[in-house]
Amino acid sequence: MLFIGSADEDANRTIRRAAAERRLSSHMDDTKWRALCLAVAEELPFPPAYQTKLVLSEQLDPEELPLSSTHVGDWARTPEASMGIFIEWLKITPRLSIREGRRLKPRIEDCSDALRQIFIRLQIPFSEEDGFFFIFGHSAGTVFSPMAEQLDHS
C-alpha cells in the first residue's frame, strides 16, 4: 500500500505562508511524490534511509544520517509517512549496511545508480553531495538537476 499524506486546507495555507515568507520555491507536487515513492518501492533493492527537513521545523529527523545506514526508509508505506507539501528537503543515503555476523565486516548494498536514474526519469530535482542525494520539495534558490543539464545538451 502506498500512502501520501495530504494536508488539510489550514495546513496548506500555513505551509504556503511560511514558504512565501522565507521566499521558498516549490519544486515537487503530490503527483511527483507519489511517483517517486512508488518507484522506490518497486524498483530499488531496498528503500533507502533518509533525513527530513520540514518547512515548518528547524529540526532534522533523524538528527544524524550515516553514509551507510543500518535501517531502511519509510517511503510512504504507512499513514504516518507524509511525503508532500510539508517537506523542504530529504537527504538520502543510497547505501544499506547489512550485518552478516559478529566477526564479519558489514556488507554494503548501494542503489545509487538506480536511484539517480529514477530521479532523472521522473524529473525529480536533486543534487548529490558527499555520497548523499538531496531532493528538494522547496528551496530558496535554483536547484541543480542533471535532468536540466541533459536537456540543454540534447
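The values are calculated or read from the model by the stated rules, or taken from the named source; none is laboratory data. Predicted model, so just to flag it, every value in this text is computed and none were measured. Virtual Cβ from ideal backbone geometry, glycine too; neighbours counted across all protein chains shown.
Within the range 90-126, the residues that satisfy the criterion of being acidic (Asp, Glu) and modelled with pLDDT of 95 or more are Glu109, Asp110, Asp113. Just one of the numbered conditions (1) closer than 18 Å to Gly131 by Cβ; (2) surrounded by fewer than 16 Cβ atoms within 10 Å (Cβ to Cβ) is not true of Gly73: (2).
Each residue in the range 56-88 was checked for being at pLDDT below 90, of a type in the set (A, V, I, L, M, F, W, C) and either part of a loop (DSSP other than H, G, I, E, B) or in contact with a helix residue (DSSP H, G or I) (Cβ under 6 Å, 6 or more places away or on another chain) (or both), and 7 of them qualify.
When the range 11-33 is filtered for residues that are surrounded by fewer than 14 Cβ atoms within 10 Å (Cβ to Cβ) and β-branched (Val, Ile, Thr), only Thr31 remains. Checking each residue in the range 93-130 for being charged (D, E, K, R) and either assigned to a loop (DSSP other than H, G, I, E, B) or at positive phi (or both) picks out Arg99, Glu100, Arg102, Arg103, Lys105, Asp130. If you go through the range 131-154 and pick out every residue that is assigned to a strand (DSSP E or B) and either at pLDDT below 90 or not aliphatic (A, V, I, L, M) (or both), you end up with 6.
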